[in-house]
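Q: This is the structure I want to talk about, given as structure tokens.
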Amino acid sequence: MDFRRAILHALNYCMLLPGPEAQQLATYVGWLMHRTLGGIMAGGLFIIPGIIPIMALSYVYAAFGATLAGCCAAGVVLFLLGVHS
């Protein structure tokens, strides 16, 4: 089975599984190319760009939570404005 066909076959399975397809497919491609270490690296490196801003925001909230109390209401208003437009 060639590489493209293997990826399409894996994508079909990822669509059936619950959870994020892109994460599962990235991990599978890493595993397919470099076995266990490749799968671990591809899966880990796929989520790092999302982890960094979440960790930074949680640190800011933990450090300045009391002074940022109005930001929650402002965030809800911005969300509602985005949904409305």
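The values are calculated or read from the model by the stated rules, or taken from the named source; none is laboratory data. Note that the structure is predicted; figures quoted are calculated from it, not measured. When we count neighbours, we look across all protein chains shown, and the Cβ atoms used for this are built from the backbone with ideal geometry, even at glycine.
Q: Hey, any hits in segment 36-43 for a residue that's on the phi > 0 side of the Ramachandran plot, at pLDDT below 95 and out of contact with any Asp or Glu (no Cβ under 8 Å at 6 or more places or on another chain)?
A: no
Q: Quick check on segment 23-54: of everything there that is under 20 Å from R5 (Cα atoms) and β-branched (V, I, T), which residue is surrounded by the most Cβ atoms within 10 Å (Cβ to Cβ)?
A: It comes out as T27.
Q: Residue check, G19 against (1) at positive phi; (2) surrounded by 12 or more Cβ atoms within 10 Å (Cβ to Cβ), all met but one. Which one?
A: Failed condition: (2).
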